[in-house]
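Below is one structure, written out as structure tokens, with a few remarks after it.
The values are calculated or read from the model by the stated rules, or taken from the named source; none is laboratory data. On a predicted model such as this, the values are computed, not experimentally measured, just so you know. Here Cβ is always computed from backbone atoms with ideal geometry, including for glycine, and neighbour counts include all displayed protein chains.
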């Protein structure tokens, strides 16, 4: 019997998550595997929130700040009291490929991270510039601006990343 390569128990791999392009959950998982080295570098030790689309992006998804009830015991959790909600929030920490694949299996197509790390939660060490393709701005315009911004930040010696948010951008990037 072959050795199992991940802790994740995958489900519904044939489910279509991007209907227009007929992209399945299996293909999203493959994509997460390919981008894992870059993605995990950015997500390391950062609390995350999810937007999940279990029935595909053309159906209503939901935002999830707390770790799901079915979170496996091997997923790292960061508990932090929220003054706003007056309760503890259990944030998922995605430091490894197994956690990233588990998120893909949940159809977490948008992964939102806090701009600080667990050990310095009150001190952000990251800035996020959201350049969305809202009309009359096109996706090509956004890509051009993002790449120019990255060049400028790199020239200043600042490490930068260009990323898509998931729902709006991803389907258009694959077409």
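Taken together, the residues in the range 75-115 that are in a loop (DSSP other than H, G, I, E, B), at pLDDT below 95 and buried (at least 16 other Cβ atoms within 10 Å of the Cβ) amount to 1. Looking only at the range 6-44, residues that are touching a strand residue (DSSP E or B) at 6+ places or on another chain (Cβ under 7 Å), more than 27 Å from residue 158 (Cα to Cα) and surrounded by 14 or more Cβ atoms within 10 Å (Cβ to Cβ) come to 7 in all.
For residue 47, are the conditions met, namely being surrounded by fewer than 14 Cβ atoms within 10 Å (Cβ to Cβ) and either touching a strand residue (DSSP E or B) at 6+ places or on another chain (Cβ under 6 Å) or touching a residue at least 40 places away in the same chain (Cβ under 8 Å) (or both)? Taking the combined requirement at face value, the residue does not satisfy it.
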